[in-house]
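The values are calculated or read from the model by the stated rules, or taken from the named source; none is laboratory data. All values reported here derive from a predicted model rather than from experimental measurement. FYI the Cβ positions are ideal-geometry reconstructions off the backbone, even for glycines, and counts take in every protein chain you see.
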Amino acid sequence: MATETRNDGGAENFGSCCEELKQIMAGEDFEPLITVGGDGILYMSVGLIDIEEDEPGMVDHPVFFCPFCGTKVQDPDKVRDMFEKPDAA
Ligand SMILES: [Zn+2]
């Protein structure tokens, strides 16, 4: 895409900082542990948790800085707002 539209949290905004994150966002060769949630927040899976099912659940945590190049990918204040008032976004 040649034009970048700022829509604050769209999946396209993530991965524009470096090839590594871009490839993970594409997720072509593997199941990425860094994903964009339905709320438009970028999450990274940080561990597994035992729930009362057969399959362990993933523990996700919002990512504020790209783990590969250190670029700020989302604003902690904005993410907190999303959690506190999801409808305001
Ligand atoms: Zn990056």
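Just a few scattered comments:
- Members of the range 58-82 that are touching an Asp or Glu at 6+ places or on another chain (Cβ under 8 Å) and more than 16 Å from the ligand (Cβ to nearest atom): 78, 82
To keep it simple, each residue is scored yes or no on (1) in contact (Cβ under 8 Å) with a residue 12 or more places away in the chain; (2) in a loop (DSSP other than H, G, I, E, B); (3) closer than 25 Å to residue 82 by Cβ.
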| position | (1), (2), (3) |
| --- | --- |
| 17 | yes, yes, yes |
| 23 | no, no, no |
| 28 | no, yes, no |
| 32 | no, yes, yes |
| 43 | yes, no, yes |
| 48 | no, no, yes |
| 51 | no, yes, yes |
| 54 | no, yes, no |
| 59 | yes, no, yes |
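- Any chance residue 19 is exposed (fewer than 13 other Cβ atoms within 10 Å of the Cβ), farther than 19 Å from residue 60 by Cα, within 14 Å of the ligand (Cβ to nearest atom) and modelled with pLDDT of 85 or more: yes
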